[in-house]
Amino acid sequence: MEDTLTCSPATFSQVFGRQGQLMQATVQSLNSLNDQIAHFMVSRPKALDDEDDAFLPGEKETLKKSMTLMRHLLMDAQAKILKMMDDNKQLAHRIDGAIQSASQEVTNLRSELTATSRRLAELGASDPPMVENNQHNNHAYRELALWSCGQAEETDPAADV
């Protein structure tokens with residue numbers, strides 16, 4: 001039974017750490033994309049000014065606004081991913097602590113159970129034979145039952161116990 005209660009060696013912190021590495025790679029990809037958009041916004045409009053035929057009158061401004069919006073969305077996504085990574089790290093530490101506390105409590109309860117079993121075994125070895133004990137208990141029970149029904153003599157049932 002003890003073997004089935006053991007946990008794998010990986011902690012939640014380690015698992016979330018591996019997940020965090022993947023998320024960090026995602027944030028780096030978003031950074032790269034954001035840099036590319038920024039570079040396009042700085043260098044491309046000058047080249048587009050030379051090509052008046054490439055866009056209709058309002059399209060250049062629309063393109064610039066769209067690129068700005070994409071950059072803001074990317075930065076927002078990055079911030080949310082970074083916050084989620086931090087939240088996951090904190091959660092993992094809390095889970096690891098709770099598991100460690102529960103494991104310690106199980107160990108303490110097992111120790112108490114072992115000590116109680118040992119004490120019961122010691123008491124069982126020093127008790128009189130069970131036959132005499134059972135006869136005494138049956139007599140006391142019979143007296144108590146008769147007394148509670150009002151059929152016993154006017155004696156205290158606890159006196160025989």
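The values are calculated or read from the model by the stated rules, or taken from the named source; none is laboratory data. Keep in mind that this is a model prediction, so the values were computed, not measured. As a convention, Cβ positions derive from the backbone with ideal geometry for all residues, glycine included, and neighbour counts pool all protein chains shown. What goes into the accessible areas is simple: the full protein's heavy atoms, side chains included, and nothing from ligands, DNA or RNA. Shrake-Rupley method; radii C 1.70, N 1.55, O 1.52, S 1.80 Å.
Here are a few things to note about the model shown:
- Contour excess over end-to-end distance, with Cα ends at Glu105 and Lys65 and 0.36 nm allotted per residue: 8.5 nm
- Taking every protein chain into account, the 1.4 Å probe leaves Met75 with about 80 Å² of accessible area, to the nearest ten.
- Across segment 67-81, coupling constants 3J(HN,Hα) worked out from phi with the 6.51/-1.76/1.60 Karplus curve, θ = phi - 60°, read 5, 5, 4, 4, 5, 5, 5, 5, 5, 5, 4, 4, 4, 5, 5 Hz, and Gly and Pro carry x.
- At full extension, Thr116 and Ile95 could sit 4.5 nm farther apart than now, given 0.36 nm per residue minus the alpha carbon distance.
- Cα→Cβ-extended label distance, 7 Å offset, between Ser32 and Ala125, nm: 7.3 nm
- Distance-filtered residues of segment 58-86 - backbone nitrogen under 14 Å, label point 7 angstrom along Val42 Cα→Cβ: none
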